[in-house]
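Written below as structure tokens is the structure these notes are about.
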Amino acid sequence: MIISIIINGLLIGCIYSLIAVGLTVIFGVMRIINMFHGDAVMLGMYSAYLLHEKYGISPYISPIITAPAFLVIGLAIYKILEPIPPKQREMSSLIITLGISFVTATLAMLIWTADYRTVNLSYSQEVFDIFGTRIGYPAFFSSAFSVILIIAFYFFMTKTFLGMSIRATAIDPVSASLFGVNVKVISMLTFGIGLVLAGVAGAILSPIFYIYPFVGSNFVIKAFTIVVLGGMGSVTGALIGGLLLGVSEALASTFLEYSMKDIIAFIIFLSVLIFKPSGILGGKSRV
Amino acid sequence: MFEVRDLIGGYGKLEVIKNINFDIKEGEILSIIGPNGAGKSTLLRALTGLLPNLKGSIRFLGEELCGKPPHYYASVGIAHVQERHRVFGTMTVRENLLMGAYIKTKRQSIEKNLETVFELFPRLKERLKQQAGTLSGGEQQMLTIGQALMMMPRLILLDEPSLGLAPLLINSIYDALMKLNEQGMTILLVEQNVKKALQISQRAMLIENGEIVLQGNSQDIKNNETINKVYLGMA
Ligand SMILES: Nc1ncnc2c1ncn2[C@@H]1O[C@H](COP(=O)(O)OP(=O)(O)O)[C@@H](O)[C@H]1O
Ligand SMILES: [Mg+2]
């Protein structure tokens, strides 16, 4: 029983991690607090839903088509935030992206209405057994794709020059520039990549979550909880934080009231900020 | 090869560098000495595009560089090793060295350049997988010089490589610099360790309050009376 709760928590946690990874990298490199992140997830969900409804494209495949759009959205929002002087970055970016977030969610409501939608796959109801735990195929695939993407992203960040330059810029932009890194271009790309990750996460989530215009706010809170949990700017921290949040939610919804599930993120968020503001991993390893 | 004319700059309204003029000749070590706060580090920052609103002229191999961004300076072959061995602390030693080879045209020669760095600083080879932040100060200094060598630069600007290091380590760093210079590397060396700087360099300049107050052969400067009194502590 407890094992199956933990397994289910870990499955969801992988997807949370994928959302948080983009957020934490954006913060690490640019000190931008991106409140729009959840809406990128929401747009990812809707685009996967629409492509599935209209053309029958699987939500696990459609991100290949929609990723460039998220890159462009990221570059556009970055252009809006770019003129903010570095010292005011955190506060100003929070307010501006919160505004963009609200406008986006409202537009989504006008276009797609407030109806809840679901992506129904042919295997939506099918399950299999691990350790006596019944796992739905969509949940399994969504988690597996998230893990693959996080691992791929990890290799990108550690094994490619572009990834290394993103990390170097997060640690020390001045030094990075002296090695030939164009810090402005790297910052812009990082924001784009962060939003692509959010959009892809949205598509991957779509078979297992309800889709509605304001669903983003739900995810942005979880993502921020994970980021403070794992340490601002840390990719490995985001991974561990996501898994922890997934498991905590699963435990809370079983042993406490089901409605506690969404409050647990808040509780963790506040506790970390009060007792260990640098994150559970010490917050030393940025990106 | 490197000509600086009428250079004026600083931080915001604070003018730190006041009308600096000098040349660096190909293959030489030119040292800059001067008291704490004289503007030596600020001058190096000016010479790699790190100061906004810089006035004057910086010509490198005939090209005007003043007003260009820092990454452009790297691309034309100028390496800047900053003060206090600033490494990327949470990246490994290997990753730090690879960052030195970030510019695309340098990436073909990574293996060869790594060998060059290890020949000069064998210790780095043993610590390749270690996080740079866990190295000792001396090892970090070696790493920053190694990073600069990965850039295959035409000119290296070095900011106080001896700062905070034990004498033995200072010697091994200086031996390395000497070797590099013998192989033809041009070096602009900022130092508070006046004795060391004058020993290794062919020419030297004294900076006080953002101005060059003395320049000439290192030998002559070593024999200069004020330098002797104030900076070398010999009566
Ligand atoms: N980042 C900075 N912002 C503002 N003032 C600075 C900064 N760095 C150095 N200064 C000032 O510029 C002057 C020269 O400093 P610096 O170039 O570091 O001297 P040096 O390297 O010769 O010790 C000092 O008065 C110092 O306080
Ligand atoms: Mg200095």
**Request:** Identify all lysines with a Cα-Cα distance to A:Lys79 below 19 Å; exclude those on the same chain that are fewer than 8 residues away in sequence.
**Result:** A:Lys87, A:Lys184
**Item:** Set of lysines near B:Lys229 by C-alpha distance (under 23 Å), chain-local residues within fewer than 8 positions excluded
**Value:** B:Lys40, B:Lys195, B:Lys196
**Fill in**
Expressed in nanometres to one decimal, the distance between label points 7 Å along Cα→Cβ at A:Tyr123 and A:Ile65 is 2.1
**Message:** If I build a Gaussian network model for chain A, linking alpha-carbon pairs within less than 10 angstrom, which residue out of A:Pro138, A:Pro68, A:Pro85 has the largest mean-square fluctuation?
**Reply:** A:Pro85
**Message:** Classify chain B from the C-alpha gyration tensor, please: rounded if a/c falls under 1.5, else prolate or oblate depending on whether a/b exceeds b/c.
**Reply:** oblate
**Sequence-distant lysines (8 or more away, or on other chains) whose Cα lies within less than 24 Å of B:Lys129** = A:Lys159, A:Lys284, B:Lys104, B:Lys106, B:Lys112
**Fill in**
Contour minus Cα-Cα span, A:Asp115 to A:Ile151, at 0.36 nm per residue, comes to 9.5 nm
**Prompt:** What's the angle, to the nearest 10 degrees (0 to 90), between helix A:161-171's Cα axis and the longest principal axis of chain A?
**Reply:** 70
**Request:** Starting from the Cα of B:Leu163, move 7 Å in the Cα-to-Cβ direction to define the label point; list residues of region B:62-95 whose amide nitrogen is under 17 Å from there.
**Result:** B:80-89
**Prompt:** Between the helical axis of A:215-230 and the dominant principal axis of chain A, each derived from Cα atoms, what acute angle in degrees is found, rounded to the nearest 10?
**Reply:** 60
**Asked** If we count other beta carbons within 10 Å of each Cβ, what is the order of A:Cys14, B:Cys66, fewest first?
**Response** B:Cys66, A:Cys14
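What is the packing order of peptides A:35-42, A:174-181, taking the mean over residues of other C-beta atoms within 10 Å and listing the highest first?
On the way: A:35-42: 28.6, A:174-181: 24.1.
Top to bottom by mean Cβ count within 10 Å: A:35-42, A:174-181.
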**Complete:** Candidate span helices, chain B: DSSP H, at least 30 Å along axis from Cα coords, Kyte-Doolittle average at least 1.0, result none
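In whole percent, what relative contact order does chain B give with Cα contacts below 8 Å and a gap of six or more residues? Write down the numbers at each step before the final one.
Numbers: 440 pairs, mean separation 63.8, N = 235.
Answer for chain B is 27 percent.
Each value in this text was obtained by applying a stated rule to the coordinates, not by laboratory testing. Keep in mind the model is a prediction, meaning the values are calculated, not measured. Note that we place each Cβ from the backbone using ideal geometry, even for glycine, and neighbour counts take in every protein chain shown.
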